[in-house]
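All of the numbers you see were taken from the coordinates with simple rules; none came from a lab. Note that the structure is predicted; figures quoted are calculated from it, not measured. Heads up, the Cβs are rebuilt from the backbone with ideal geometry, glycines too, and the neighbour counts pull from every protein chain shown.
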Amino acid sequence: MTTRSPIVSVLGHVDHGKSSILDSIRGSSIVKTEAGAITQAIGASIIPMDVIKQKCGSLLETMKIKFTIPGILFIDTPGHAAFTTLRKRGGNLADIAVLVIDINEGFKPQTIEAIEILRALKTPFIIAANKMDLIPGYNKKKDYLIPDIKSQDSNVQTEIDKKIYELVGQLHERFGIVSERFDRVESYTKQVAIIPCSATQKIGLSELLMVLAGLAQKYLEENLKIDVSGFTKGTILEVKEEKGLGTTIDVIIYDGTLKVNDTIVIGSLDEPKVTKVRALFEPKPLTEMRDKKGKFYSVKEVFAATGVKISSPDFEDVIAGMPIVSCNPENIEKAKEIVQKEVKEVIIETEKSGIVIKADTIGSLEAMIQILKGKKISIRKASIGNITKKDYADAESNYEKDPLKAVILGFNISDEADVCSTIVKVLVRDVIYKLIDDFEEWQALTKKSQEAKKLEAVVRPCKLEILPNCIFRQNNPCIVGVDVVTGVVKVGTPLTKNGSALTIIKSMQCDKENVKCAEKGKQLAISLPNVTAGRQIFEHDILYSDVSEEDFRKLKKLTEFLTKDEISVLKEIAEIKRKNNPVWGV
């Protein structure tokens with residue numbers, strides 16, 4: 001057994017400096033060392049431990065840790081795509097993550113997205129508070145971060161602290177996460193470390209490497225033990241068309257060794273794919289990883305942890321995020337079981353009830369599942385790929401029992417079903433937390449609409465007072481002027497006086513115009529059949545809507561949709577009714 005490099009993913013909002021930090025780490029580490037000290041792999045950069053020691057200098061000595069990790073492997077594909085794509089059995093492939101936040105801008109949509117995903121997948125992380133150099137008055141004076149901050153003018157020091165504690169406050173308020181500037185952290189298991197830095201001024205990067213190396217060595221060492229001579233385990237980062245090679249896959253290898261001509265088995269939604277490695281490629285030294293011109297050279301074998309481009313004649317229909325293992329030809333069936341078990345850990349085929357969710361990769365699907373489960377949202381089906389007619393049918397089957405679950409959520413995919421459904425709600429986004437926010441907002445609005453319809457079917461509580469000198473006709477029908485004291489009165493509302501049924505409102509006029517309803521504060525004339533003014537009703541009489549016991553019980557369940565005044569009047573009506581029947585409405 002040997003110890004591999006910890007795999008570190010870098011996440012953050014667009015333009016907050018993810019790529020700049022990685023470029024600065026690579027560039028500043030290569031200077032004054034032999035060419036190629038930084039090994040570039042597909043979608044990754046490997047910083048050897050001797051380079052980290054050289055870069056960090058005396059900083060590492062203060063940690064008093066004996067380092068056995070060979071270095072740090074940074075996943076350097078921009079954005080969240082790599083993080084949500086890359087997974088291994090039981091969770092995310094990244095051992096630790098760096099969340100990059102612009103210290104001047106603070107939290108942005110993708111920052112929140114990243115934290116939601118990190119928490120859902122239980123990935124430890126630290127924060128690089130980048131762009132410290134843009135704080136007014138800041139001038140780099142020292143090579144190391146803390147001496148440099150202490151050398152700044154007092155107003156600059158105060159502003160740096162203020163910016164950091166704004167992040168601390170936001171983390172705690174929104175997520176309940178306890179954090180602190182890295183040199184003030186008391187417990188790295190209980191607090192998230194914040195390292196202020198500047199990619200352009202190359203300040204704070206040594207401290208970033210120090211904290212990453214220290215955390216990996218102290219808390220993750222057991223997780224990094226691998227058998228380099230064993231079979232390969234990896235995850236597909238991207239599927240690409242390469243000129244002269246056809247379809248290739250970029251893979252992050254996290255265990256074992258992979259050689260040319262090895263048999264590999266790749267996970268799938270259906271039957272796993274079995275093929276042979278025709279060729280392995282790595283980038284040429286010091287080339288830009290994201291250069292589409294493809295400056296690669298052929299290698300015979302690669303060891304974990306690293307990234308590699310694999311060429312094979314049989315990569316059609318391969319999906320990013322799927323697991324890959326190598327095996328002997330006689331162990332193919334066992335390898336198939338291993339990869340499909342890993343896929344089925346995430347894919348949900350049929351739960352009894354719940355929403356349908358789709359995503360672009362198995363890793364992002366897992367992130368969605370974890371976040372939704374954390375919010376107690378049930379899932380009927382979870383799979384990868386674009387939305388199909390079958391997804392609509394699955395979602396529609398929820399409608400009769402619970403219309404609020406007749407929903408399809410899609411992350412980073414499209415709706416190809418061409419179905420016009422008035423029953424199924426489809427929401428598609430490229431930001432997971434926005435997608436879930438949209439869903440929760442739709443559910444709340446739909447629920448409110450449904451409850452409002454229920455209110456239309458019951459007699460709502462209202463209270464009227466017959467105005468003095470406003471008896472316009474005594475009977476056939478009786479027409480009187482009233483003041484709406486509380487609630488909303490409608491045509492057809494039954495009325496009661498002293499708990500006894502009186503009549504119904506046949507019609508209403510306000511300012512000589514016929515109206516269907518009138519709310520609190522309005523004065524209007526109402527037409528009342530089968531009563532006589534001066535006999536059953538009089539000036540200053542208080543009349544209530546005649547709420548039945550059945551409607552009363554329904555209204556008690558719908559109080560969130562009633563005003564405080566309506567709830568108060570409902571209690572008055574119940575008290576009046578209970579004078580004749582003590583158990584009325586109970």
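Cα centroid distance between the stretch 418-449 and the stretch 217-237, in Å?
40
Straight-line reach only, C-alpha to C-alpha below 19 angstrom: list the aspartates and glutamates that K579 could link to, leaving out same-chain residues fewer than 8 apart.
In chain and number order, the partners are D541, D546, E549, E550, D551.
Take the Cα radius of gyration of the stretch 355-448 and divide it by 2.2 N^0.38 Å, with N its residue count; two decimals is plenty.
Relative to the 2.2 N^0.38 Å estimate, the stretch 355-448 comes out at 0.97.
I'm a student and want to see the number: the projected area of the Cα convex hull of the stretch 2-225, averaged over all directions, in nm².
11.8
Taking amide H atoms as placed 1.01 Å from N in the peptide plane, list the residues 5 or more away in sequence, or in a different chain, whose amide H sits under 5 Å from that of T532.
Hits under the 5 Å cutoff: I537.
Just to check, using Stokes-Einstein with a Kirkwood Rh over alpha carbon pairs, what's the diffusion coefficient of the chain at 4 °C and 1.567 mPa s in µm²/s?
45
Please list the three semi-axes, largest first and in whole Å, of the ellipsoid equivalent to the stretch 95-135, using sqrt of 5 times the eigenvalues of its alpha carbon gyration tensor.
21, 12, 5
Going through the stretch 299-367, which trypsin sites (Lys or Arg not before Pro) have at most 13 other Cβ atoms within 10 Å and a DSSP loop state?
Answer in residue order: K300, K352.
Count neighbours as other Cβ atoms within 10 Å of each site's Cβ, and list the trypsin sites (Lys or Arg not before Pro) in the stretch 198-236 that are DSSP loop with at most 12 such neighbours.
Here no trypsin sites (Lys or Arg not before Pro) fit, given the DSSP loop and packing criteria.
For a quick check: sort M1, M132 by the number of other beta carbons within 10 angstrom, fewest at the front. Walk me through the intermediate numbers first.
Values: M1 8, M132 29.
The most exposed by this proxy come first: M1, M132.
Exposure proxy check: T388, T158 ranked by fewest other beta carbons within 10 Å?
With the fewest neighbours first, T388, T158 line up as T158, T388.
Residue by residue through the stretch 571-582, which ³J(HN,Hα) values in whole Hz follow from phi under the Karplus form 6.51 cos²θ - 1.76 cosθ + 1.60 (θ = phi - 60°), with glycine and proline marked x?
5, 4, 4, 4, 4, 5, 5, 6, 5, 9, 9, x
If we restrict to alpha carbons, what Rg and Dmax does the stretch 233-339 come to, in Å?
Cα radius of gyration and Dmax of the stretch 233-339 are 13.1, 40 Å respectively.
Check I504: other-chain or 5+ apart residues with amide H under 5 Å from its amide H, H built from backbone geometry?
Correct list: L495.
May I ask you to list the aspartates and glutamates whose Cα is less than 14 Å away from that of K163, ignoring any residue fewer than eight positions away on the same chain?
Here the aspartates and glutamates satisfying the reach criterion relative to K163 are D102, E105, D133, E180.
Mind running the shape call on the stretch 86-206? Use the C-alpha gyration tensor, a ≥ b ≥ c as the square roots of the eigenvalues: rounded below 1.5 for a/c, prolate if a/b tops b/c, oblate otherwise.
The shape class here is prolate.
Going through the cross-link list K453/K571; K512/K557; K88/K434, which pairs have a Cα-Cα distance over 30 Å in this structure?
Beyond 30 Å: K512/K557.
Taking amide hydrogens as modeled 1.01 Å from N in the peptide plane, which residues meet the under 5 Å criterion relative to S548, leaving out close sequence neighbours?
V459
List the aspartates and glutamates whose Cα sits under 14 Å from the Cα of K381, skipping any in the same chain fewer than 8 residues away.
The reachable aspartates and glutamates, counting only those whose Cα sits under 14 Å from K381, are E345, E349, E351, E366, D391, D394, E396.
When Rg is the radius of gyration of the Cα atoms in the stretch 463-580 and Rh is its Kirkwood radius, what does Rg/Rh come to?
Checking Rg against Rh, the ratio lands at 0.96.
Just to compare against my own numbers: the Cα pair-distance distribution for the stretch 403-513, 5 Å bins, whole % per bin, please.
Bin by bin from 0 Å, the calculated values are 2, 8, 13, 15, 10, 6, 6, 7, 8, 8, 8, 5, 3, 1.
Return the sequence-ordered ³J(HN,Hα) values of the stretch 114-121 in whole Hz as given by the Karplus equation 6.51 cos²θ - 1.76 cosθ + 1.60 applied to θ = phi - 60°, using x for Gly and Pro.
With the stated coefficients, the stretch 114-121 comes to 4, 5, 4, 5, 4, 5, 4, 8 Hz.
Could you give each residue of the stretch 184-190 its phi-based ³J(HN,Hα) in whole Hz, using Karplus coefficients 6.51, -1.76, 1.60 with θ = phi - 60°, and x for Gly or Pro?
With the stated coefficients, the stretch 184-190 comes to 10, 5, 8, 9, 6, 7, 10 Hz.
With only Lys, Arg, Asp and Glu charged, each at its Cβ (+1 for the first two, -1 for the last two), find how big the charge dipole of the chain is about the Cα centre; round to the nearest 20 debye. Can you show the working numbers first?
Details: 84 positive and 81 negative charges, 183 e Å.
Roughly 880 debye for the chain.
Calculated from DSSP H runs of 4 or more alone, at -39500 (n - 2.57) each and per residue, what is the 222 nm mean residue ellipticity of the chain, nearest 500?
When only DSSP H runs of four or more count, the value is -9000 deg cm²/dmol.
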